[in-house]
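The values are calculated or read from the model by the stated rules, or taken from the named source; none is laboratory data. All values reported here derive from a predicted model rather than from experimental measurement. Here the Cβ positions follow ideal geometry from the backbone for every residue, glycine too, while neighbour counts run over all protein chains shown. Accessible surface areas use protein heavy atoms only, side chains included; no ligands, DNA or RNA. Shrake-Rupley method; radii C 1.70, N 1.55, O 1.52, S 1.80 Å.
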Amino acid sequence: TITSGASGSGNGTTNYTAAANTSTSSRTGTLTVAGRTVTVTQSGTACVFTATPTTQSIVSGGGTASVAVTTTAGCAWTATSGASWLTITSGASGSGNGTTNYTAAANTSTSSRTGTLTVAGRTVTVNQAGSGPLAPTNLRIVVGP
């Protein structure tokens, strides 16, 4: 929008304002000042991503969970697993708000373990409990002296 100097004679200045660009894409417009074309390019908004929650706990038997992605419409993102026991089942990529769903395999070790997912550039830490001590398979009970 021309705010001042829309017309005149001799030397002068034309002032203008550009409305905010709410798109992630840049845009270009032109002004004609004294018969000359002036090109104005405006960058798009930066994509800012939030992934929640950033830490999750999974029982030793495994299970499913999800991570919510919040961002501006048109901002593309991906999700990857950094652990062999974490498998992304849906939402490996998206644009705008979305959800990544994943499955954690059962932990057959008695030790707990930690793995990570990278969702929309954010690290999500997954902690999984160990399976605990194994019960004996043969139990003999002796009664008497």
Take region 1-45 and flag every residue that is free of Cβ contacts under 8 Å to residues at least 12 places away in the same chain and closer than 28 Å to G74 by Cα.
-> A20, T30, T39
Tally of residues being part of a loop (DSSP other than H, G, I, E, B) and open to solvent by less than 20 Å² (accessible area, probe 1.4 Å) across region 92-113 = 2
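Got a sec? Which of T78, T30, T37 is under 27 Å from T116 (Cβ atoms) and open to solvent by 50 Å² or more (accessible area, probe 1.4 Å)?
When all the criteria are applied, what remains is T78.
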Matching residues in region 6-25 (surrounded by 10 or more Cβ atoms within 10 Å (Cβ to Cβ), in contact with a strand residue (DSSP E or B) (Cβ under 6 Å, 6 or more places away or on another chain) and modelled with pLDDT of 85 or more) number 4
Which ones in region 60-75 are open to solvent by less than 70 Å² (accessible area, probe 1.4 Å) and outside any strand (DSSP E or B)?
-> S60, G61, G62, T71, T72, G74, C75
Can you tell me which residue in region 44-59 is least open to solvent (accessible area, probe 1.4 Å), limited to those that are of a type in the set (S, T, Y) and under 23 Å from G94 (Cβ atoms)?
-> T45
